[in-house]
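Working notes for the structure below.
Here, each number is a calculation from the coordinates, and none is a lab measurement. Everything numeric in this text was worked out from a predicted model, so none of it was measured. Counting neighbours? That spans all protein chains shown, and the Cβs are built from the backbone with ideal geometry, glycine included.
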Amino acid sequence: MKKLLIAGICIFAGFTVNAQKLEKGLLWKISGNGLAKPSYLYGTMHITCDATLNEYILAALDVTDQLYLELDMDDPNMQTEMMGTMAMKDGVTMKSLTTPEDYKIVDEFLKVNTGASADMLGTFKPFMVTAILYPKMIDCPAKSYEMSLVEVAKEQKEEVYGLETVAEQLAVFDAIPYKEQMDELVKTAKDNMVKDKKELSEMMALYNTKDLNALLAFMDKSENKMMASHNDVLLVNRNKNWIPKMEAIAKAKPTFFGVGAAHLAGENGVIKLLRKKGYKVEAVK
């Protein structure tokens, strides 16, 4: 469940529209501004059909000394921490967030697709329930670039760290109204994930083009209302919190940073925020 929830949280993060386009690329070299050695930034896709790392990514991993992801993916306490932060606050339940008719639809949908009833999952933040469904939305065994990166780090006997804690990341879904999360889960249940599957398939195809600008435009048109309404919570605030951490980390050791591609683009994306700090951030061709 841990991997599925992480994938769902990160996939959901949207993009802000940005008139000044970035060049194509998912792997970026960070240099200058006092860095003794370059670090690298990679925009990941958290759930996909093929998470094979190409020769350029492997080369970047080879010349860096540690791996930083959004979360410390090899922390043995991670699953316990995640389970402790999945429940809604103040005793809110999914049943209280929708009509009896829609709750019944969600209940039947969850039984078929997760093996658990809505009552069993009823205290969970609705988006956490949606996250469990993401592997059902692709027509292949789910893979994760994060896990591929962790495997290489382990082979190289390098440490894996996180830019934020589980509690910090999942607090995002306390800042977004539970009712809005539940409304999206109801929509997913009513059309049996048809729109979700289509959108995720298109997103994976765009990701493979390495065109962050196309991803920007695609996500801006998403029918998921939470993206447009809460972009500051989902992306912008987190990006800004990461920058001073990334600066200190990169100055201490050459580091490979792997975060969701959604975090790279836009005026408040990690690439431009680092550039504004004086770093040279260039796509690895």
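Starting from the Cα gyration tensor of the chain, take the square roots of the eigenvalues, sort them a ≥ b ≥ c, and report rounded, prolate or oblate (rounded when a/c is under 1.5, otherwise prolate if a/b is larger than b/c, else oblate).
prolate
Hey, can you grab everything whose amide H is under 5 Å from the amide H of Gln66? Only 5+ residues off in sequence or another chain; H modelled, so Pro and N-termini drop out.
Here the answer is Phe256, since their amide H atoms fall under 5 Å of that of Gln66.
Scan around Leu163 for amide H atoms under 5 Å from its own, H built in the peptide plane at 1.01 Å from N, and keep only partners 5 or more places away or cross-chain.
Sorted by chain and number, the residues that satisfy this are Leu69, Glu70, Leu71.
What ³J(HN,Hα) values, in whole Hz, does the Karplus curve 6.51 cos²θ - 1.76 cosθ + 1.60 give for the range 158-164 when θ = phi - 60°, with x put for Gly and Pro?
Along the range 158-164, the couplings run 10, 6, 10, 10, x, 6, 8 Hz.
Roughly how many whole Å is it from the C-alpha centroid of the range 133-204 to that of the range 220-279?
Centre-to-centre distance over Cα atoms comes out at 17 Å.
Calculate for the chain the 222 nm mean residue ellipticity that helices alone would give, adding -39,500 (n - 2.57) per DSSP H run of length 4 or more and normalising by residue count, nearest 500 deg cm²/dmol.
Rounded to the nearest 500, it is -13500 deg cm²/dmol.
If you place +1 on the Cβ of every Lys and Arg, -1 on the Cβ of every Asp and Glu, and leave all else neutral, what size is the dipole of the chain about its Cα centre, to the nearest 20 Debye?
Dipole about the Cα centre, nearest 20: 740 debye.
Report ³J(HN,Hα) in whole Hz for each residue of the range 278-284, in order, from the Karplus equation J = 6.51 cos²θ - 1.76 cosθ + 1.60 where θ = phi - 60°; Gly and Pro get x.
The phi angles translate into x, 8, 8, 10, 10, 5, 7 Hz.
What does the net charge come to around Lys198 if you take all other residues with beta carbon closer than 11 Å to its beta carbon, with K and R at +1 and D and E at -1?
-3
Nearest 20 debye, what's the magnitude of the dipole of the range 103-166 about its Cα centre given +1 on Lys and Arg Cβ and -1 on Asp and Glu Cβ?
240 debye
When the Karplus curve 6.51 cos²θ - 1.76 cosθ + 1.60 is applied with θ = phi - 60°, which whole-Hz ³J(HN,Hα) does each residue of the range 73-90 get, with x for Gly and Pro?
3J(HN,Hα) across the range 73-90, in whole Hz: 6, 10, 6, x, 8, 4, 5, 5, 4, 5, 4, x, 10, 7, 6, 6, 7, 6.
List the trypsin sites (Lys or Arg not before Pro) within the range 88-163 that DSSP assigns to loop and that have no more than 14 neighbouring Cβ atoms inside 10 Å.
For trypsin sites (Lys or Arg not before Pro) across the range 88-163 that sit outside H, G, I, E and B with at most 14 neighbouring Cβ atoms in 10 Å, the list reads Lys157.
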